[in-house]
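Working notes for the structure below.
The values are calculated or read from the model by the stated rules, or taken from the named source; none is laboratory data. Note that the structure is a prediction, hence the values are computed from the model and not measured. No Cβ is skipped: glycine too gets one built from the backbone with ideal geometry, and neighbour counts run over all protein chains shown.
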Amino acid sequence: MNIGAGTIFGKLKYNEGWASGPLAGPGHFLAIKVDNTELEATSIKVGLVPSASGMEPVEIVGDPDMNAVFKVADKDLQHLTVITTKGGVENTVDYSLNGLQLL
């Protein structure tokens, strides 16, 4: 994923399963894992908009795993949002979920 002044390398995995907590129940889930080494952002927030669980994009800088999981309710309506902050400059990029195939 190319974001602003640098590149965020990420891996997406889309699968079917069951979750607990705010994602409770069966469904399709999107997991993202980010490598921030090239961009060196002070903040990276990721999320699906609109969210199936009402969650805002979550901060993953500071998370030792640099990952997040989201429930996909409608891949034609939702999009992946990545919000990065570096040097006080915030950049938002949206990615379509159209074309995701279940593995």
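Overview of values
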item	result
In region 30-66, the residues that are under 13 Å from the mean Cα position of the chain (by Cα) and crowded, with 19+ Cβ neighbours inside 10 Å	Leu30, Ile32, Val34, Ile44, Lys45, Val46, Gly47, Leu48, Pro57, Ile60
Val69 under 10 Å from the mean Cα position of the chain (by Cα) and either over 12 Å from Leu30 (Cβ atoms) or surrounded by 18 or more Cβ atoms within 10 Å (Cβ to Cβ) (or both)	no
Hits in region 34-90 - residues which are at pLDDT 90 or above, assigned to a loop (DSSP other than H, G, I, E, B) and within 22 Å of Leu100 (Cα to Cα)	Pro57
Residues within region 64-86 that are free of Cβ contacts under 8 Å to residues at least 40 places away in the same chain and either hydrophobic (A, V, I, L, M, F, W, C) or over 16 Å from Val49 (Cα atoms) (or both), tallied	6
Residue under evaluation Asp94, criteria (1) at pLDDT below 85; (2) in contact with a His (Cβ under 7 Å, 6 or more places away or on another chain), criterion not met	(1)
